[in-house]
Amino acid sequence: MASYHLPDELIYEILLRLPVKSILRFRSVCKAWAAWSSDQHFAYKHLNANQNNDIEGGSASAIHCVIPSLGEGEGEQNQIVYNCSLQKLIDSEHSNSCSDGCHVTKASTRKVHVGSSSGNSMYCIGVCNGLMCCDYMGKFVIWNPTTKKTKSYSIASDSGDAPTYSMPTVDSSLGFGFDATTNTHKAILLWYKKPSLGGVGERMVFVCSFPTCRWRRIYQGITYKPNQTTGILFNGALHWLVIASFSSSYFIFAVDLTTEQGSISPVPVRVATGLFHPIELGVLRGCLALLGNDVVWTMKNYGVEDSWEKLFMFPRCEFCPDRSMPLPIWISEKGVAVLCINEFGMVSFDIKQQKFEKIPTHSTTRISKSWVSKSFAKSLLLPP
């Protein structure tokens with residue numbers, strides 16, 4: 001019987017086109033495959049080759065939420081991330097429930113333990129290239145939930161005005177993204193320097209590149225206050241919905257992750273008028289979106305002020321016991337939206353029929369908006 005041997009170059013190209021899950025399984029085949037799967041250059045090539053393919057349903061249909069659970073030590077908690085396909089959540093609404101009361105199949109749900117928090121929760125500030133970046137008491141933790149690789153960072157400062165904070169707030173709003181020109185992951189901080197006695201406070205913008213991990217001040221004297229605690233990654237920039245300190249008008253402040261230059265654009269009056277507080281900035285159907293109490297607007301052409309269009313409206317949700325605003329996080333091709341209700345779970349909303357349905361999740365799940373990922377592509381990247 002004839003034996004066939006494929007050239008390593010061809011095997012390499014074949015592996016680049018396989019799902020992450022398969023590559024991880026094939027690490028035990030031989031040393032070369034194991035070496036490729038843990039090589040950062042291979043990981044970037046694999047990510048670029050598959051970023052437009054919704055392989056394993058992991059590009060635009062995954063959600064991550066934190067679930068506190070009791071750790072091994074008394075009084076300690078482990079942070080656990082559940083990875084669920086949003087499409088499967090919708091498809092499972094009318095299916096039989098699992099034995100643990102969860103309608104999400106085991107194949108679409110995974111727990112990732114990232115260490116003890118000793119009663120203090122981590123706060124997810126962003127997801128990019130399959131990496132989740134979290135803030136924990138002023139330090140950063142970056143990990144890949146797919147490969148379970150984790151790395152912690154202590155941040156120094158190149159400035160005399162070193163930013164200090166314990167967790168993201170509107171006075172210390174953080175974002176996480178990627179500079180594709182240098183393959184560098186970055187964090188951006190919009191920070192308010194509180195005034196000394198009798199003085200005047202000042203807003204500044206800092207950038208931190210990984211793994212250098214030093215805050216560099218790139219702006220100061222900003223006259224806009226963030227309306228949200230984390231930045232929204234879109235089109236190579238981090239975005240914040242901000243309010244002008246000299247008026248009550250809304251603007252969108254963006255920081256380009258390559259040039260580190262900031263830009264400001266107004267929210268049109270016709271859009272802002274119909275948005276009732278609270279208002280959030282997000283991404284839906286590949287567009288920047290503004291989410292009001294009962295209406296969703298999207299910017300069809302990025303950067304074009306006149307391209308804002310009303311996407312849909314929704315009635316009061318009966319599953320919101322405290323009249324909180326449901327947060328739309330994803331819309332299926334059939335027009336069914338998945339909405340997060342902070343701490344109360346998730347619901348689906350049929351836009352055409354104007355109907356809400358509760359999405360069954362694990363009985364212990366507490367959904368936190370800070371842990372909702374609007375786009376998560378599985379990758380082999382290691383924390384930088």
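Just so it is clear, none of the values below were taken in a lab; they were calculated from the coordinates. Owing to the predicted nature of the structure, the values given are computational and were not obtained by experimental measurement. Neighbour counts run over all protein chains shown; Cβ positions are idealised from the backbone, glycine included.
Residue pairs exceeding 24 angstrom between C-alpha atoms, taken from K139/K193; K21/K186; K139/K194; K45/K151: K21/K186. Near V296, once Lys and Arg are set to +1 and Asp and Glu to -1 for all other residues with Cβ below 11 Å from its Cβ, the sum equals -1. Ordering 146-153, 35-42 by mean Cβ neighbour count within 10 Å, with the highest value first, yields 146-153, 35-42.
Summarising the label geometry, the points placed 7 Å from Cα in the beta-carbon direction at R27 and S263 lie 4.0 nm from one another.
For the peptides 204-211, 171-178, 26-33, residues were scored by their other Cβ atoms within 10 Å and the scores averaged per peptide; the highest-first order is 171-178, 204-211, 26-33.
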